[in-house]
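Chemist: Here's a structure for you.
The values are calculated or read from the model by the stated rules, or taken from the named source; none is laboratory data. Predicted model only: the values in this text are computed from it and were never measured. Ideal geometry is used to build each Cβ from the backbone, glycine not excepted, and the neighbour counts take in all protein chains shown. Note: areas computed on protein heavy atoms with side chains; ligands, DNA, RNA excluded. Shrake-Rupley method; radii C 1.70, N 1.55, O 1.52, S 1.80 Å.
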Amino acid sequence: MPALIETELSSLTLYARGKVRDLYSVGEALLFVATDRISAFDHVLATGIPGKGKVLTQLSLFWFNFLKDVVPNHLITANVNQFPKELAPYRDELEGRSMLVKRAQMFPVECVVRGYLSGSGWKDYKATGAVCGIKLPAGLRESDRLPEPIFTPASKSLDGEHDINISFDDMVTRVGAHSAERLRDLTLEIYSKASEYAERRGVILADTKFEFGAAAEGIILADEVLTPDSSRFWPRDQYKPGGPQPSFDKQFVRDYLESIRWNKQAPAPALPPDVVARTQEKYFAAFRLLTGASLSL
Ligand code: Q0Z
């Protein structure tokens, strides 16, 4: 199975290209395609991970279904047989890795929730004793579980690349108090339900990010949800607070890039076949652990 690095659905209008996802306009709807691209240290690598986009798509579909009684979502269908006729030429390329989704008016804020102290949250806490203005108890260590999950919104920087943590008051300024409160409450409710489930299945969901939009039916959950690209997944059986945790999916990639002492400047290097194979197996393992099903590609 070769990796799908880039889609080129030439009869469609490209709506947006992200680091690893491609989004096209299809009439009133959007076509969301997850490629096999992988990023590390903020760069897309020269090698893809075959099947990664399928794993992430199938995992998002699992969570959309798991959460459907908490919040409606943007999915129209992921069944290529139900896609509009204009997508027929691309059927084989799209199967398993794409979703036809409702166009929503996206809220200009990333809804981040943290159950554990890691990444920018840990940096912020070390410097200020707070994360996004939320005061936390003294004496917490890196990767510690928080007394309760916290909502730490972020906004896209102007280059669209990095997220910048903002306070809840900043979020209110951007989306209004009513929407800000509803998005916060939904984010915490989704995290609570999903993280409790994941932990029972051996995966700690340290933090994650949701994007919501407004549609005819009200607020809907959009984008991808609770995938290793939008979340920090840690293997529960290796959890050891007091330092950084190994990444469920990208640890072999990071270790390899450190071992070759890549300077983290473009161009990003390629990965050797064994790193690709072991990383691919981690994505399949995450899918099996969380859904109880094995993915056949
Ligand atoms: C998501 C993004 C991607 C690049 C726009 N249902 C929706 N309605 C309107 N807009 C979006 C969605 Cl999901 C939307 N993004 C993020 C996704 C590639 C950027 F696949 N941008």
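Chemist: Filter segment 69-101 for residues that are in a loop (DSSP other than H, G, I, E, B) and among the charged types (D, E, K, R); which is farthest from P2 (Cα to Cα)? Steps first, answer last, please.
Modeler: Initially, segment 69-101 is screened for residues in a loop (DSSP other than H, G, I, E, B), giving 69-72, 74, 78-79, 83-84, 95-97.
With the extra rule that they be among the charged types (D, E, K, R), the set shrinks to 69, 95, 97.
Details: D69: 37, E95: 15, R97: 14 Å.
So the residue we want is D69.
Chemist: A further question follows. Answer yes if at least one residue in segment 241-262 is within 12 Å of V203 (Cβ to Cβ) and part of a strand (DSSP E or B), and no otherwise.
Modeler: Within segment 241-262, none of the residues are within 12 Å of V203 (Cβ to Cβ) and part of a strand (DSSP E or B).
Chemist: Here is a follow-up. For residues that are outside any helix (DSSP H, G or I) and open to solvent by 70 Å² or more (accessible area, probe 1.4 Å), scanning just segment 263-295, find the one that is farthest from T35 (Cα to Cα). Reasoning before the result, please.
Modeler: Pass one, segment 263-295, residues outside any helix (DSSP H, G or I): 263-272, 292-295.
This time we only want the ones that are open to solvent by 70 Å² or more (accessible area, probe 1.4 Å), so: 263-267, 294.
Values: N263: 25, K264: 22, Q265: 22, A266: 20, P267: 19, S294: 20 Å.
The qualifying residue farthest from T35 (Cα to Cα) is N263.
Chemist: Only one residue in L183, L158 is open to solvent by less than 20 Å² (accessible area, probe 1.4 Å), within 16 Å of the ligand (Cβ to nearest atom) and farther than 26 Å from K52 by Cα, so which one is that? Don't jump to the end; show me each part of the working.
Modeler: On the way: L158 fails: open to solvent by less than 20 Å² (accessible area, probe 1.4 Å).
Every option except L183 fails the conditions.
Chemist: From the residues in segment 102-136 that are part of a loop (DSSP other than H, G, I, E, B) and within 16 Å of the ligand (Cβ to nearest atom), which one is least open to solvent (accessible area, probe 1.4 Å)? Walk me through it before giving the result.
Modeler: As a first pass, look at segment 102-136 and keep what is part of a loop (DSSP other than H, G, I, E, B): 102-104, 107-109, 117-118, 129, 132-133, 136.
Pick out the ones that are also within 16 Å of the ligand (Cβ to nearest atom) and you get 102-104, 107-109.
Details: K102: 70, R103: 94, A104: 28, F107: 33, P108: 79, V109: 5 Å².
Of everything passing the filter in segment 102-136, V109 is least open to solvent (accessible area, probe 1.4 Å).
Chemist: Another one. Do we have any residue at all in segment 140-155 that's open to solvent by less than 70 Å² (accessible area, probe 1.4 Å), at pLDDT below 95 and not in a strand (DSSP E or B)?
Modeler: No, because not a single residue in segment 140-155 is open to solvent by less than 70 Å² (accessible area, probe 1.4 Å), at pLDDT below 95 and not in a strand (DSSP E or B).
Chemist: Still on this model: Kindly indicate which of A268, A277 is in contact with a strand residue (DSSP E or B) (Cβ under 6 Å, 6 or more places away or on another chain) and closer than 13 Å to G48 by Cα. Walk me through it before giving the result.
Modeler: Working: A277 fails: in contact with a strand residue (DSSP E or B) (Cβ under 6 Å, 6 or more places away or on another chain).
The match here is A268.
Chemist: A follow-up question, please. Taking R91, is it within 16 Å of the ligand (Cβ to nearest atom), surrounded by fewer than 19 Cβ atoms within 10 Å (Cβ to Cβ), charged (D, E, K, R) and modelled with pLDDT of 95 or more? So that I can check it myself, show each step before the final result.
Modeler: Values: within 16 Å of the ligand (Cβ to nearest atom): no; surrounded by fewer than 19 Cβ atoms within 10 Å (Cβ to Cβ): yes; charged (D, E, K, R): yes; modelled with pLDDT of 95 or more: yes.
Judged against the criteria, R91 is not a match.
Chemist: For segment 137-144, state whether one or more residues are in contact (Cβ under 8 Å) with a residue 24 or more places away in the chain and within 16 Å of the ligand (Cβ to nearest atom).
Modeler: In the first step, residues of segment 137-144 are kept if they are in contact (Cβ under 8 Å) with a residue 24 or more places away in the chain; the result is 141-144.
Retained after the next criterion (residues that are within 16 Å of the ligand (Cβ to nearest atom)): none.
No - not one qualifying residue is present in segment 137-144.
Residue by residue, here is whether (1) at pLDDT 95 or above; (2) more than 30 Å from Q251 (Cβ to Cβ); (3) acidic (D, E) holds:
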| site | (1), (2), (3) |
| --- | --- |
| F168 | yes, yes, no |
| V175 | yes, yes, no |
| K193 | yes, no, no |
| A198 | yes, no, no |
| R201 | yes, no, no |
| D207 | yes, no, yes |
| G213 | yes, yes, no |
| L221 | yes, no, no |
| E224 | yes, no, yes |
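Chemist: Kindly check whether there is at least one residue in segment 17-25 that is farther than 26 Å from I260 by Cβ and in contact with a Gly (Cβ under 6 Å, 6 or more places away or on another chain).
Modeler: No.
Chemist: Same structure again: On the given criteria, is T77 within 16 Å of the ligand (Cβ to nearest atom) and surrounded by fewer than 20 Cβ atoms within 10 Å (Cβ to Cβ)?
Modeler: Numbers: within 16 Å of the ligand (Cβ to nearest atom): yes; surrounded by fewer than 20 Cβ atoms within 10 Å (Cβ to Cβ): yes.
For T77, the condition - within 16 Å of the ligand (Cβ to nearest atom) and surrounded by fewer than 20 Cβ atoms within 10 Å (Cβ to Cβ) - is met.
Chemist: Being away from the ligand (no atom under 16 Å from the Cβ) and not in a loop (DSSP other than H, G, I, E, B) is the filter; apply it to segment 1-53 and report the residue that is least open to solvent (accessible area, probe 1.4 Å).
Modeler: A40
Chemist: Could I ask something else about it? Answer yes or no as to whether S195 is surrounded by fewer than 22 Cβ atoms within 10 Å (Cβ to Cβ), more than 16 Å from the ligand (Cβ to nearest atom) and assigned to a helix (DSSP H, G or I). Can you show your working first?
Modeler: Details: surrounded by fewer than 22 Cβ atoms within 10 Å (Cβ to Cβ): no; more than 16 Å from the ligand (Cβ to nearest atom): yes; assigned to a helix (DSSP H, G or I): yes.
It is false that S195 is surrounded by fewer than 22 Cβ atoms within 10 Å (Cβ to Cβ), more than 16 Å from the ligand (Cβ to nearest atom) and assigned to a helix (DSSP H, G or I).
Chemist: Got a number for residues in segment 212-233 being touching a residue at least 60 places away in the same chain (Cβ under 8 Å), more than 15 Å from the ligand (Cβ to nearest atom) and part of a strand (DSSP E or B)?
Modeler: 1
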